[in-house]
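Inspection log for the structure reproduced underneath, given as structure tokens.
A short reminder: the numbers here are calculations on the coordinates, not readings from a lab. These numbers were taken from a predicted model, which means no experiment stands behind them. Backbone-built Cβ (ideal geometry, glycine too); neighbour counts: all protein chains shown.
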Amino acid sequence: MLLINNELIWISIPRCASVSLINSFESSVLKIKKSPLIESFIKNSKSNLNHYHLRKSQCIDEFGIKETFCINRNWFDRWLSALEYFFDVSKNAHKNELIIDWKDVDNEFIYKHFNTNFANAIYSENIEEMRDCYNSFFTKINKNLTGTLCIFGSKNFWTENEKCTYEFDITEIDKFIAFINDRFGVKLEINKMNDTKKIKNKIEVNDELKTFLWDTFESRFVKKGNLV
């Protein structure tokens, strides 16, 4: 999503401190360059977002072949964070039109709506299928915010089933700060932003749920070694 000091590309994974990082980069003395595609998205967007996410090949097309890095996170924790974020953003965008309140979301709701058809739609990036999936969450057809669905995509969807040159876990962000300091002589200040509110719901975290989500969103990368 960003080119740093003309030598390092950031592959931004949704729900992995991306808002915190973009603000940190923009507040630093590092030379950063946003993808022209991202700049266009922001200019034409009616939201307050200051960033979007691009897949690895899109970043390479924009910036050329360079070293890459990403911030990673436990796949299940990231998925649940994406789910709460989706409900929060959707409620703000569409008032009270959601078919269910976040506090009432349970395992059966996830099994019904976040199924293989849903995953296939976001991984294939089929706009019509994504629109159908998106509108299934509302009591009436809404404006097109299908891009929001991509936050549910596996980390391997964004990195295109390849490891970045450098990967850092979100629980050890200090290692990333040290990496940037060692490489560029700049110590970043990263403030936690855009965190989910962790409002109570009816989701029961158990092996059945983890297996379902793994099989639906993650396993295709492990079994096939490539995208859909």
Expressed as a whole-number percentage, the relative contact order of the chain with C-alpha contacts under 8 angstrom and at least six residues apart is 29 percent
Going by amide H atoms built from the backbone, whose H comes under 5 Å of the H on residue 169, apart from near neighbours?
72
Under 16 Å between alpha carbons, and skipping anything fewer than 8 positions from residue 103 in its own chain: which aspartates and glutamates qualify?
84, 88, 204
So what is the 222 nm mean residue ellipticity for the chain from helices alone, if each DSSP H run of at least 4 adds -39500 (n - 2.57) and you divide by all residues, rounding to the nearest 500 deg cm²/dmol?
-12500 deg cm²/dmol
Among 59-71, 75-87, 149-161, how do they line up from the highest to the lowest mean number of other beta-carbon atoms within 10 Å?
149-161, 75-87, 59-71
The chain: D in µm²/s via Stokes-Einstein (Kirkwood Rh, Cα pairs, 4 °C, 1.567 mPa s)?
70 µm²/s
Regarding region 123-162, what whole-number volume in Å³ per residue does the convex hull of its Cα atoms give?
58 Å³
Taking 106-112, 128-134 and ranking on average Cβ neighbours within 10 Å, highest first, one gets 128-134, 106-112
